[in-house]
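Okay, structure first, notes after.
The values are calculated or read from the model by the stated rules, or taken from the named source; none is laboratory data. This is a predicted model, so every value here is computed, not measured. Virtual Cβ from ideal backbone geometry, glycine too; neighbours counted across all protein chains shown. What goes into the accessible areas is simple: the full protein's heavy atoms, side chains included, and nothing from ligands, DNA or RNA. Shrake-Rupley method; radii C 1.70, N 1.55, O 1.52, S 1.80 Å.
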Amino acid sequence: GGMEKIKQHTFALAHYTYTVLSTLKYANGAPVVRIYSDTDFSNPDVQGPIINFNMLDENGEVIGFSQVDKMASLYNIHVRTGCFCNTGACQMHLGISNEDIQRNLQAGHVCGDDIDLVDGRPTGSVRISFGYMSSFEDAQTFLKFIIATRLSKSDTEIPFQSSVTKLTTESVPDDHPSFNNTDKLSPIPHILDRELGNNSSATKMTVNWQPPEAEVESIRAAVSETAVPTCRRGGKPITITNIYLYPIKSCSAFEVTEWPVGNQGLLYDRNWMVVNQNGVCMTQKQEPRLCLVNPSIDLKKKVMVIQAEGMDPISLSLEENTEKEAVVCESKVCSHRVKTYDCGERIAGWFSLFLGRPCRLIRQSSDKKNRSHQKNTKGLTSATNISLSFVNEAQYLLINAASILQLKEHISARLEEPLEIEELIRRFRANIVISAPASFEEEEWAEISIGALRFQVVGPCSRCQIICIDQQSGERNKEFLQSLSAARGRKTNFGIYLMNQPLHSSFPGILSVGSQVLPVLKENTEIQPPSSGEEKCSG
């Protein structure tokens with residue numbers, strides 16, 4: 001029909017969405033979104049088919065764009081976020097000064113990252129765009145997403161009814177030369193008339209591998225000199241309750257009671273990953289059935305055994321393939337390039353058969369020049385290259401059972417059905433589970449010591465849609481991420497990332513269930529000193 005009709009069609013969609021978004025309000029009258037625009041969407045000659053906005057909470061505080069992006073992905077909606085390569089417009093509409101830009105950079109914010117709020121102020125926004133192939137169903141899907149995640153049903157009935165009536169009479173004038181009668185938009189049905197939402201447990205293993213006590217004591221003494229945690233008044237000891245490693249990225253957990261620590265985290269944690277026929281990493285986001293693949297490692301036999309229901313077990317040597325026919329290539333993990341080699345046709349055939357699509361298993365090469373952590377983390381010298389496996393952010397992920405328990409009550413209430421704490425632990429795919437007295441106290445820690453090992457806290461884990469996948473069945477339920485966002489006050493953070501600070505020991509460290517965790521709190525955290533009658537913590 002030509003560019004003129006495309007312009008009118010896409011503008012009608014943008015005008016419709018803009019009008020409805022503008023009228024959505026919380027029960028207290030506060031707007032749901034803040035739209036950034038230089039026009040009132042009345043003229044397609046000066047306004048394109050895009051809407052730029054930030055989502056707000058009931059108090060008018062901005063919800064970070066990265067959180068909105070993650071929630072939108074649950075509804076199969078792709079949005080663009082950030083500053084859209086237009087820093088000037090970003091500064092103008094968000095009220096960001098040049099000094100703010102400098103402070104944001106000093107806080108670690110760079111283009112394309114997930115740092116969406118600095119001191120509560122947005123660093124960017126969310127943008128939706130319509131094209132000639134877009135439909136009103138697409139617009140309604142987006143609006144349903146906003147309603148389902150931010151509003152109750154009673155909040156939306158009145159504004160949506162009036163908005164739809166207004167839009168069907170105003171969006172595309174009857175006398176517009178580019179539309180004949182058959183081109184007119186049919187009435188849009190009330191958006192709330194339809195529904196908004198159209199393995200075995202981990203293997204456990206014990207490893208009896210300990211360095212000489214003299215070595216441990218000398219290291220512990222060195223650690224104690226540099227960081228001695230302060231006890232809380234009446235605080236119970238914090239201990240490790242579970243240890244998990246994930247030999248194959250995005251596959252099932254392998255639970256152990258103690259395990260050696262390597263230079264990239266737990267030994268063999270995420271050393272392998274499944275890639276598609278184009279060499280692109282496959283995760284549970286694209287293939288939920290990966291959680292049904294159960295790898296286990298036998299350190300004595302130096303093999304990894306891979307099992308899945310309906311499949312014969314298959315084993316793989318832990319010794320790195322040094323044969324000439326090994327294919328060495330570079331793969332990307334979260335925008336980082338890593339050197340890998342292919343594990344062969346036999347393993348590739350096993351995974352392809354189970355997943356029902358062509359895929360291969362690759363392993364990270366032990367090349368010393370392999371991927372290292374580039375983030376300049378406070379407390380870790382910039383000259384130190386922290387080596388990473390196929391993890392997304394850091395060597396370890398720690399969660400607190402007390403935090404899980406509090407979240408469990410919130411999610412169970414929303415689901416209106418009981419929920420086992422073990423299921424939530426599996427969904428959050430941590431390496432270390434601890435038992436601390438208070439929920440979310442781990443978010444106030446700067447570093448921790450566990451025996452001879454010392455770890456730097458590098459930040460919170462911002463969760464994605466993988467927590468919506470039942471790790472024993474592969475079934476999705478988007479309520480989990482939505483509940484986490486509601487419970488955490490607009491954020492989807494849960495758990496903390498850790499980096500191991502090298503101890504320059506000739507013996508490997510060991511993590512064991514039952515070991516005591518000694519945290520050092522952040523500098524700005526108020527600590528209640530112990531009384532003279534209370535025992536003091538040691539390093």
Do the conditions hold for M304, that is, is it modelled with pLDDT of 95 or more and more than 26 Å from I404 (Cα to Cα)? yes
May I ask you to list the residues in segment 496-522 that are among the aromatic types (F, W, Y) and either more than 28 Å from the chain's Cα centre (by Cα) or modelled with pLDDT under 90 (or both)? F507
Would you mind finding the one in D69, D100 that is in contact with a strand residue (DSSP E or B) (Cβ under 6 Å, 6 or more places away or on another chain), modelled with pLDDT of 80 or more and either over 30 Å from Q482 (Cβ atoms) or part of a helix (DSSP H, G or I) (or both)? D69
Taking segment 47-59 and keeping only residues that are modelled with pLDDT of 90 or more and surrounded by fewer than 18 Cβ atoms within 10 Å (Cβ to Cβ), one is left with G48, I50
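Within segment 431-439, does at least one residue satisfy the condition of being part of a helix (DSSP H, G or I) and either surrounded by fewer than 20 Cβ atoms within 10 Å (Cβ to Cβ) or modelled with pLDDT under 90 (or both)?
Among the residues of segment 431-439, not one is part of a helix (DSSP H, G or I) and either surrounded by fewer than 20 Cβ atoms within 10 Å (Cβ to Cβ) or modelled with pLDDT under 90 (or both), which makes the answer no.
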Can you confirm whether segment 447-458 contains a residue that is open to solvent by less than 40 Å² (accessible area, probe 1.4 Å) and part of a helix (DSSP H, G or I)? no
With the requirement that a residue be open to solvent by less than 20 Å² (accessible area, probe 1.4 Å) and out of contact with any His (no Cβ under 8 Å at 6 or more places or on another chain), what does segment 483-500 give you? L484, S485, T492, F494, G495, I496, L498
Considering segment 286-311 alone, what residues qualify as being more than 21 Å from L267 (Cα to Cα) and surrounded by fewer than 16 Cβ atoms within 10 Å (Cβ to Cβ)? Q286, E309, G310, M311
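Can you work out which of the residues in segment 275-297 that are in a strand (DSSP E or B) and more than 11 Å from P247 (Cα to Cα) is modelled with the highest pLDDT?
Across segment 275-297, the extreme among qualifying residues is V275.
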Residue list for segment 419-430, filter: of a type outside the set (D, E) and outside any helix (DSSP H, G or I): L419, R429, A430
So how many residues does segment 41-63 have that are not in a strand (DSSP E or B) and not acidic (D, E)? 10
Restricting the search to segment 95-108, which residues are in contact with a helix residue (DSSP H, G or I) (Cβ under 9 Å, 6 or more places away or on another chain), open to solvent by less than 80 Å² (accessible area, probe 1.4 Å) and not hydroxyl-bearing (S, T, Y)? I96, D100, I101
Could you look through segment 307-345, keep only residues that are closer than 22 Å to G262 by Cβ and of a type in the set (G, A, S), and pick out the one that is modelled with the lowest pLDDT? A326
